[in-house]
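These notes are about the structure you will find just below.
Taken together, the values in this text are just the output of simple stated rules run on the coordinates, not laboratory data. Bear in mind that the values here come from a model prediction, so they are computed numbers and not experimental data. Here Cβ is always computed from backbone atoms with ideal geometry, including for glycine, and neighbour counts include all displayed protein chains.
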């Protein structure tokens, strides 16, 4: 199967999840909210049902592929292809009615889709095939001056991690134009690929948070660095234009 066909499968799966999420939102009730890693890390029945919708689409279209999802069991595959899915990135925003959440579906190494059902916007990318927003090519930032760069980031759920991240943000803030913390890492990556931010970094992200977004950023011309865990800070990712990535990594790396 070509990357174009994998991209079509990713979008079909993402739209199936979006239908579920929008239906719950129209009802005004996400049903059965539970905590996961901490009291601030929530999952709802909407998350679970949206992932089920993705898995049903992939089971029909790509029955031999492996699947890793945030809310379900891993599925082993025989094809060598691996899907990494986040049915609802930005759950807290979704539950509080803040319109910054999305569905992320990626076939690692091949194709990725981030679907924002609210606006609505669909970000797509294939390896070597470029990145688009609703069919139009994405143009990432070419910033070369960190002092005028707008940086997006996110915070973890554990108190000790947040404390360390706050110290890092305090060091970064005086050296950049400004910082944004919106709540969905996947959508932050898509917006960075689209040039709405100059750069993005976050620690503690999972594969399903970043699989599609990192592909979008790479195809839009941004560089990607892995941030190693240190002290109270977990490992993470950094994406930025070549002109500022070294200076930014020196602060947040």
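Starting with the highest mean, order 74-87, 97-110, 185-198 by the number of other Cβ atoms within 10 Å, averaged over the residues of each peptide.
185-198, 97-110, 74-87
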* Asked: Mind listing the Cα extents of the chain along all three principal axes, in Å, largest one first?
  -> 49, 41, 33
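How high is the FRET efficiency from residue 3 to residue 78, r the C-beta distance, R0 22 Å, rounded to 0.05? List each step's numbers first, then the result.
Working: r = 19 Å, r/R0 = 0.88.
Between residue 3 and residue 78 the formula returns 0.70.
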* Structure fact -> Taking a ≥ b ≥ c as the square roots of the Cα gyration tensor eigenvalues, with a/c under 1.5 meaning rounded and otherwise prolate when a/b beats b/c or oblate if not, the range 3-137 comes out oblate
* Asked: Ratio of the range 106-215's C-alpha Rg to 2.2 N^0.38 Å, to two decimals?
  -> 1.11
* Relative to the longest principal Cα axis of the chain, at what angle does helix 207-219 sit, 0 to 90 degrees, rounded to 10? -> 70 degrees
* **the range 57-166, relative contact order [Cα under 8 Å, separation at least 6], %** => 12 percent
* **For the range 157-230, average projected area of the Cα convex hull in nm²** => 5.3 nm²
* Pairing the Cα long axis of helix 3-27 with the longest principal axis of the chain, what angle in degrees results, from 0 to 90 and rounded to the nearest 10? -> 90 degrees
* To do: Note the full-extension length gain between residue 180 and residue 22 as 0.36 nm times their separation in residues minus their Cα-Cα distance, in nm to one decimal.
  => 54.3 nm
